[in-house]
Each structure stands twice: as C-alpha cells, then as structure tokens.
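Structure record follows, encoded as structure tokens.
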C-alpha cells in the first residue's frame, strides 16, 4: 500500500464518520509524522496532505528545513519541556499539548520575539485522570484557559486529549463527549476566544471522536506504517 492509498483510506473513514456525526462539523486530518523521514512527508504532501504533527523537537526542525520548499502546516503534539518553548514557538503553527500556565507564558514570550502571528494552541486535558499522563484536569481547566486567554501572542483554539486506551466504543465516546462539553462550557466563559477546535481521536478511536465532535484527528501508523524505534 502506498501513502497515497493509505491517505485515501483514512479520509474515507473520516468522511463516513463525519456524515454520521450529529455535530456535522468539518474534520481535518493531522498526519502524525514523528520518526518518519522527510521523504515520506513529501510523498504525503504530493497526495494532498498539508498538516503534520511532530513530537520530537530537533527531529521536526530537521525535517522542516528539508521541506521548506513546501507550504506545510506544522503542529507540535508532544510533551513540552520549559527549555524547548522558544524553538517550538518559532518553528510551529500549532501546539496541541499546553498543560500548564508556565508553558503557555513561555510560548507567548517566545512568539512575541518572532513578530509573527499569534501561535495557535490547544490545552491538553487529562480526560481519564491518568497519573502517568500529561494534561490539566477538568477541574483546573477553566483557570488555565482564563489565564492563557490573556496572553496576546497565543490564540486559544481549543482542547486536546489522549484518553486511556480502550476498545469499548461506548467508553470511547463517553470520554470524548466530556471534552466536547468542556469546550462548550469554555466557549460560554470566554466568548472572545476562537475556541473552535477539538483535537481528539487517533487510528483506533477516530470514529468515536468524530461522532462526539472532533475537528482534528491525529493519525500516524495508518498513513505511514509502524513507527521506527
């Protein structure tokens, strides 16, 4: 199977779920390209994919330099260390994994130095309350969103989550529904913010995510094959 065929298959799966979704939202595909070489990203671009998600900073920057002739949109989706905020703010269009005010503040300061447009961000929510997983709790989400919304070089676009893995479709939908409800609560509290994005759903649960309102699904293996170690 070629990357073009893989992308076609994933897009068909997304389209089918979107038609069935009661929210009738537009769903974008974020191709997760971590550990994959620039050549495969170029192949995906030639098949119509323009948005790519990366977890590892230096690897991503190297690929961006190799692909600077292409009009790609880069999303940082991995955990963020404080000492990495400046290059992340300088090299990415989106950050999906902001989970504390310290990181948001540092991203804002670094983005200001670039004189670029505001950085699109999502707040990562630990929707399953897993001790081992990054993300703000639902109880603390409003305070973080309020504080982040006042940072002028960030554009608070929405929420992201990676729920605890399960094959139970009903449980998958329940977790994503909680994030959908959290976003709509924030929309009422912060009416001046865009807040139009739900980054949720991966290869094994994207159907449930789309049924519950996902606007970005993050898919890697189904497009590029198994990840290299």
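Rule-based calculations on the coordinates, nothing more; no lab input. What you see is a predicted model, and the numbers here were worked out from it, not measured in a lab. All Cβ positions, glycine included, derive from the backbone under ideal geometry; neighbour counts span all protein chains shown.
Computed quantities for the displayed model
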read-out	value
Prolate/oblate/rounded label for the chain (Cα gyration tensor, a/c 1.5)	oblate
For the chain, built as a Gaussian network whose Cα springs stay under 10 Å, the top-fluctuating residue of 17, 131, 31	131
Relative contact order, percent, the stretch 98-192 [alpha-carbon distance under 8 Å, six or more residues apart]	31 percent
Ascending count of other beta-carbon atoms within 10 Å, so fewest first, for 129, 155	129, 155
Cα gyration tensor category, rounded, prolate or oblate, for the stretch 104-177 with a/c compared to 1.5	prolate
Shape category assigned to the stretch 134-213 from the gyration tensor of Cα positions, a/c cut at 1.5	prolate
Most to least packed among 19-29, 188-198, 68-78 [average Cβ atoms within 10 Å]	68-78, 188-198, 19-29
Percent RCO, i.e. relative contact order, over the stretch 3-222, from Cα pairs under 8 Å lying at least 6 residues apart	21 percent
For the stretch 33-105 and the stretch 145-199, distance of Cα centres in Å	21 Å
